[in-house]
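Structure record follows, encoded as structure tokens.
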Amino acid sequence: MEGEPWVITDNLIWMTMLVGINEITEKTAPEFFKRLYAYQLVRGPMVMYTDKTQNRFISLADITRRIGLKTNASPRTQAQFNKDVLIAELYLLAMQAWQEQQAVADLVATNTQRAK
């Protein structure tokens, strides 16, 4: 896709804050990928296109192609990262439950109005 290299690089710059690894090196790339992959499993693909037909996860190859990338993101422990991923997953589950509850409430309201 046109512009994809920049989309991936831009995402990786922002993801350094999330994963808590502020430099991609040969040594850090596998851990960076592991953390980013875990986050993508919860939130979905990080490479997103307008037509949404070719959204995809950032791969280890995408990360290793950017060895040398550095940011000023604060380092985070595995425990800190795990906590944030769990919170993100719980948030998504709560939002899904709320949406389902709203749908049921709307259905009940519609059926109540029809019955009158």
**Message:** Once you place label points 7 Å from the Cα toward the Cβ at residue 34 and residue 57, how far apart are they in nm?
**Reply:** 1.5 nm
**Complete:** Calc'd 3J(HN,Hα), region 104-112, phi into Karplus 6.51 cos²θ - 1.76 cosθ + 1.60 (θ = phi - 60°), Hz, glycine/Pro = x, comes to 5, 4, 5, 5, 4, 4, 5, 5, 5
**Fill in**
In the chain, lysine pairs 8 or more places apart or on different chains with C-alpha atoms under 30 Å apart total 8
**Fill in**
Output row, site residue 74, 7 Å Cα→C-beta label point, backbone N cut-off 18 Å, window region 21-36, residues 21-23
**Asked** In whole Hz, what ³J(HN,Hα) sequence does region 82-99 give by Karplus (6.51, -1.76, 1.60; θ = phi - 60°), x for Gly and Pro?
**Response** 4, 4, 5, 5, 5, 4, 4, 5, 5, 4, 4, 5, 5, 5, 5, 5, 5, 5
**Message:** Test of understanding: what is the full-extension gain from residue 64 to residue 93, defined as 0.36 nm times their sequence separation minus their Cα-Cα distance?
**Reply:** 7.2 nm
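Bear in mind these aren't lab numbers, they're just calculated from the coordinates by the rules spelled out. Note that the coordinates shown come from a computational prediction; the quantities given were computed from them, not determined experimentally. Cβ coordinates were reconstructed from backbone atoms using ideal geometry, including for glycine residues, and neighbour counts include every protein chain displayed.
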